[in-house]
Amino acid sequence: MSVTDETYERIRRVCSILESIACKYAPESNEALAVRDAASAYILVHQRESLRKAYEQLKAAEGGQLSDEMKAKLRRVGIDPDDLDEEIVTTDG
């Protein structure tokens, strides 16, 4: 199973648990809304972490530094490599 598949399975499993918790409350109750917000946040955190790992793998494959052309390609698909570099320095350093 690939890292992406493992991440997807983890997200699916946790969100299924959160959904079963949310179902115990009225659909528009504060509790149900909070559980849904927690599920959304969980998904976003894991998507961001997967993106960061993929970015690091890409950089490693490119010798540790991306060309301006590669950075431009990433930006065209909505990924800001400078933002990911800043995050890595902040979390790793």
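Using the Cβ-Cβ distance between LYS73 and VAL45 with R0 = 22 Å, the FRET efficiency computed as 1/(1 + (r/R0)^6) comes to roughly 0.30.
Ignoring the sites themselves, the chain has its longest run without GluC sites (Glu not before Pro) in a DSSP loop having at most 12 other Cβ atoms within 10 Å at 29-61.
Using a cut-off of 12 Å between beta-carbons, work out the net charge of the residues near THR4 (Lys and Arg +1, Asp and Glu -1, THR4 not included).
-2
DSSP loop (so not H, G, I, E, B), at most 13 other Cβ within 10 Å: list which trypsin sites (Lys or Arg not before Pro) in the stretch 1-77 pass both filters.
On the way: sites: ARG10, ARG12, ARG13, LYS24, ARG36, ARG48, ARG52, LYS53, LYS59, LYS71, LYS73, ARG75, ARG76; in loops: LYS24.
Listed in order of number, the matching sites are LYS24.
Working from label points 7 Å from Cα in the Cα-to-Cβ sense, the ASP80 to ALA38 distance is 3.1 nm.
Divide the volume of the convex hull of the Cα atoms of the stretch 17-91 by its number of residues and quote the answer in cubic angstrom per residue.
On the way: hull volume 8.5 nm³, N = 75.
Expressed per residue, the convex hull around the Cα atoms of the stretch 17-91 is 114 Å³.
The length gained by stretching the chain between LEU58 and SER16 to full extension, at 0.36 nm per residue less their Cα-Cα distance, is 11.9 nm.
Counting other C-beta atoms within 10 Å, and keeping those with at most 14, which DSSP coil chymotrypsin sites (Phe, Trp or Tyr not before Pro) do you find in the stretch 1-78?
When the chymotrypsin sites (Phe, Trp or Tyr not before Pro) of the stretch 1-78 are filtered for loop state and at most 14 Cβ neighbours within 10 Å, TYR25 remain.
Any read-out appearing in this document is the output of simple, stated calculations on the displayed coordinates, not a laboratory observation. Every value quoted in this text rests on a predicted model; they were computed, and no experiment measured them. For neighbour counting, all protein chains shown are included, and Cβ atoms are generated from backbone atoms with ideal geometry for every residue, glycine included.
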